[in-house]
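Only one structure is covered here, and it is reproduced in the block below.
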Amino acid sequence: MSDKPIKLGELVEFVRGVTFDKSQQQAISNKSNIPVLRAGNIQNALDTKRDLIFVPREIVSESQLLRKGDVAICLSSGSPQIVGKTASLGHDWVGAVGGFCGIIRAKKVNPDFLAYWMRGPKFIEWRDGQARGANIQNLRFSELGKLEVCLPGPEKQRQIAARLKAQLAEVDKARQAAEVQLRDVEALANACMRDVFDNAQARSWPIRSLGEISQVSGGIQKTPSRKPVKHFRPFLTVRNVQRGYFDLSVVEQFEITEKELEKYRLEDKDLLIVEGNGSPSHIGRNALFEDDGQEWIHQNHIIRVRLNQAECLPEFASAYLNSEGGKAQMMEKAETTSGLYTLSTSKVMALELPIPPLPVQAEAVDKLQDSLKLTRQIRNATSAQKVEIELLPQKILTQAFEM
């Protein structure tokens with residue numbers, strides 16, 4: 001791109017996100033509030049449907065309401081992988097972004113061209129080169145406004161945006177096809193588990209609470225007051241934990257002291273259960289951790305269960321909790337406060353599992369492993385394909401903006 005560089009601040013308007021007290025936050029929509037998006041809603045496009053919170057309408061100014069074509073940006077986060085993420089609003093929607101985010105609104109540039117440019121190599125290089133805070137990573141509108149954009153004429157902007165829209169739409173189709181295949185695999189897995197846990201023999205197995213047969217503990221919390229340290233470790237978050245497996249297509253790195261590592265490091269066969277962060281879709285998702293030689297840690301919204309393997313095989317417990325009966329029990333025990341769902345550590349300890357003798361558990365696990373071997377192979381292949389698909393947008397954007 002050889003066009004004349006223009007400072008971004010001359011082309012756009014910067015709008016701060018909405019700040020609010022925790023007491024003003026609600027989980028259910030009504031006529032007097034509006035939805036607010038957070039960093040987690042900034043994906044390939046703005047996710048305006050999941051993990052929403054709501055704030056009183058009167059605390060949101062007219063300029064803070066998102067408009068079609070606006071680019072939302074995460075300005076502040078405890079993770080360098082999240083700060084600077086951007087996504088545009090591609091449809092009409094009434095809502096805003098939270099205080100750790102902001103809005104970049106096109107004034108003298110094609111909105112679609114701007115949205116794609118802010119996912120391209122020039123912006124990413126600038127973002128990653130910015131000075132970082134010791135505890136919270138920050139971007140400033142004042143510095144962002146100095147960033148230069150090589151801006152072609154209006155018609156060329158439109159052509160570039162149209163071409164990128166078509167190319168990225170094909171990527172989205174491939175992504176959606178992979179996600180459909182993953183859902184089909186999960187349906188097959190559920191059918192296999194019904195064969196093991198929903199029969200007369202299973203209904204006669206003795207019942208024990210999870211707290212009786214395991215040690216249960218929480219994870220590490222990211223806070224602004226953390227002292228700077230030099231040791232980064234792979235960090236499992238709520239988004240990584242799925243039903244029976246880990247989605248590692250995106251993995252955060254987290255700074256941790258040696259003392260914290262000793263306390264929070266995951267061990268082989270640890271069962272990780274999502275306690276939830278407000279959304280019922282997250283409640284009770286769980287998977288069995290397998291040691292790969294790295295020193296993994298996990299988020300505080302994930303509960304670590306270390307089973308007494310003389311009484312219960314971790315594979316058996318994980319399979320049951322991912323069965324329809326296990327999922328129903330976890331939703332039943334989930335607590336709600338102002339519409340926010342959580343599954344506390346005490347509730348996890350109170351979960352009841354059928355505990356047959358170990359040989360019966362092993363037989364059940366073997367049956368499931370035989371039945372689910374194909375589903376694991378399909379899931380792994382599809383997940384790997386999905387990782388490759390996720391790399392395509394950046395390759396396409398790099399090619400477009402380095403011409």
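The values are calculated or read from the model by the stated rules, or taken from the named source; none is laboratory data. Only a predicted model underlies this, so the values are computations on that prediction, with no experimental measurement involved. In this analysis, Cβ positions are derived from the backbone assuming ideal geometry, glycine residues included, and neighbour counts consider all displayed protein chains. Side chains included, ligands, DNA and RNA excluded: accessible areas come from the protein's heavy atoms. Shrake-Rupley method; radii C 1.70, N 1.55, O 1.52, S 1.80 Å.
What to note about this one:
- Out of Ile42, Ile28, one residue alone is surrounded by 15 or more Cβ atoms within 10 Å (Cβ to Cβ) and not charged (D, E, K, R). It is Ile42.
- Segment 318-402 holds helices (runs of 4 or more DSSP H) entirely within its bounds, and those carrying 3 or more residues that are open to solvent by 60 Å² or more (accessible area, probe 1.4 Å) and over 23 Å from Asn240 (Cα atoms) map to 358-401.
- Number of the exception - Phe54 against (1) over 19 Å from Gly276 (Cα atoms); (2) of a type outside the set (Asp, Glu); (3) surrounded by 19 or more Cβ atoms within 10 Å (Cβ to Cβ): (1)
- Condition check for His298: under 30 Å from Gln25 (Cβ atoms), in a strand (DSSP E or B), touching a helix residue (DSSP H, G or I) at 6+ places or on another chain (Cβ under 9 Å) and not β-branched (Val, Ile, Thr): yes
- Pro314 meets the conditions (1) over 14 Å from Ala287 (Cβ atoms); (2) at pLDDT 90 or above; (3) surrounded by 15 or more Cβ atoms within 10 Å (Cβ to Cβ) in every case but one. The failed one is (1).
- Residue in segment 51-64 that is over 22 Å from the mean Cα position of the chain (by Cα) and under 26 Å from Val149 (Cβ atoms) present: yes
- Qualifying positions in segment 150-208 - closer than 19 Å to Gln329 by Cα and of a type in the set (S, T, N, Q): Asn190, Asn199, Ser204
- Pairs meeting the criteria (first residue in segment 108-121 and touching a residue at least 24 places away in the same chain (Cβ under 8 Å) and among the polar types (S, T, N, Q), second residue assigned to a loop (DSSP other than H, G, I, E, B) and open to solvent by 30 Å² or more (accessible area, probe 1.4 Å), beta carbons under 8 Å, at least 6 apart or on different chains) are lacking.
- Exactly one residue among Gln159, Gln201 is farther than 27 Å from Leu392 by Cβ and open to solvent by 20 Å² or more (accessible area, probe 1.4 Å), and that residue is Gln201.
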